[in-house]
Amino acid sequence: MPLEITANGSDAATVTVTIFDATGAALSGAMVALSSSRPDEDVIVPSSTATTLAGTATFHVTSISPGVSTISATAVANHLVLADVATLTFVPAFSVLAGQTGGAGWGDGVGAAAHFAGIGGIGLDPLHHILFVTEANVNDVRRVDPTTREVTTVTGVHDTLESPQSFDGFRATGRLARPFGIAMYGSYLYVADNVGLRFAK
């Protein structure tokens with residue numbers, strides 16, 4: 001049974017319960033039910049089952065909600081809750097929002113159709129739930145919509161010059177030189193222009 005399970009609804013922890021009789025022999029045919037301290041978040045399959053000839057009952061537990069679950073087993077015949085419990089930690093599931101692993105390049109697009117080169121920093125517009133990304137290798141700022149996964153260029157230009165220039169301008173007419181840090185304050189984006197040695201707004 002893994003200590004940590006990805007909370008993606010498909011990765012499962014296997015929980016095995018073993019029942020012995022008073023003499024210490026494996027007890028077969030005993031109905032065992034499993035329950036979680038987070039019944040609304042976790043799925044247990046099967047919810048109950050009979051022990052095998054080896055006295056074991058096997059369950060699989062999945063979840064889509066990160067958190068810690070305490071798993072308890074109950075012997076159905078006499079409603080006896082077994083003393084041993086299992087503790088499962090479900091960790092957040094991560095997925096690629098945009099771009100491709102190992103697919104460095106440049107291009108606007110949706111999801112895997114977009115390409116990035118040398119991501120320097122990430123800023124968040126908390127009001128509109130939009131991400132902004134600086135690309136130091138191509139001297140621009142990209143906009144990423146987490147809902148639609150669409151990537152568009154906000155300012156700067158796809159420029160791989162060894163000595164990029166930095167100067168003011170509106171959106172596509174402005175130039176950045178190896179931008180790294182980025183943050184949003186109010187309704188403005190602030191970008192640390194590394195080679196240009198300035199903050200751009």
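The values are calculated or read from the model by the stated rules, or taken from the named source; none is laboratory data. Remember, it's a predicted structure, so these values are computed and weren't measured experimentally. Ideal geometry is used to build each Cβ from the backbone, glycine not excepted, and the neighbour counts take in all protein chains shown.
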* Would you mind stating whether T14 is at pLDDT 90 or above, over 30 Å from R178 (Cβ atoms) and part of a loop (DSSP other than H, G, I, E, B)? => no
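Determine which member of the set L27, L34 is more than 20 Å from E4 (Cβ to Cβ) and of a type in the set (A, V, I, L, M, F, W, C). I'd like the intermediate steps shown before the answer.
Values: L34 fails: more than 20 Å from E4 (Cβ to Cβ).
From the options L27, L34, the qualifying one is L27.
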* To do: Run P46 past the list (1) at pLDDT 95 or above; (2) in contact with a Ser or Thr (Cβ under 8 Å, 6 or more places away or on another chain) and report the number of the one that doesn't hold.
  => (2)
* Residue match in the range 122-134 (condition: modelled with pLDDT under 85 and surrounded by 12 or more Cβ atoms within 10 Å (Cβ to Cβ)) -> no
* To do: May I ask you to list the residues in the range 75-103 that are closer than 22 Å to V32 by Cβ, polar (S, T, N, Q) and at pLDDT below 90?
  => N78
* Asked: Within the group T101, T52, which residue is in a loop (DSSP other than H, G, I, E, B), over 20 Å from the mean Cα position of the chain (by Cα) and among the hydroxyl-bearing types (S, T, Y)?
  -> T52
* Asked: What number of residues within the range 36-49 satisfy the criterion of being surrounded by fewer than 16 Cβ atoms within 10 Å (Cβ to Cβ) and either in a strand (DSSP E or B) or of a type in the set (A, V, I, L, M, F, W, C) (or both)?
  -> 3
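Kindly indicate which of V32, V15 is hydrophobic (A, V, I, L, M, F, W, C), touching a Phe, Trp or Tyr at 6+ places or on another chain (Cβ under 7 Å) and either surrounded by 14 or more Cβ atoms within 10 Å (Cβ to Cβ) or in the same structural domain as T58 (by TED's automatic domain parsing) (or both).
Values: V32 fails: touching a Phe, Trp or Tyr at 6+ places or on another chain (Cβ under 7 Å).
Checking each option against the conditions leaves just V15.
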* Tell me which of these T87 doesn't satisfy, since it passes every other one: (1) closer than 30 Å to L3 by Cα; (2) surrounded by 14 or more Cβ atoms within 10 Å (Cβ to Cβ). => (2)
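Which one is modelled with the highest pLDDT, of the residues in the range 135-165 that are assigned to a strand (DSSP E or B) and of a type in the set (D, E, K, R)? Spell out how you get there, then give the answer.
Kept after step one, since they are assigned to a strand (DSSP E or B), are these residues of the range 135-165: 135, 140-144, 150-156.
Checking which are of a type in the set (D, E, K, R) leaves us with 135, 140, 142-143, 150.
Details: E135: 83, D140: 81, R142: 86, R143: 89, E150: 93.
Applying the filter and picking the extreme gives E150.
Working carefully through the options T74, T134, find the one that is assigned by TED's automatic domain parsing to the domain that holds S28 and in contact (Cβ under 8 Å) with a residue 24 or more places away in the chain. Explain how you work it out, then say what you get.
Details: T134 fails: assigned by TED's automatic domain parsing to the domain that holds S28.
From the options T74, T134, the qualifying one is T74.
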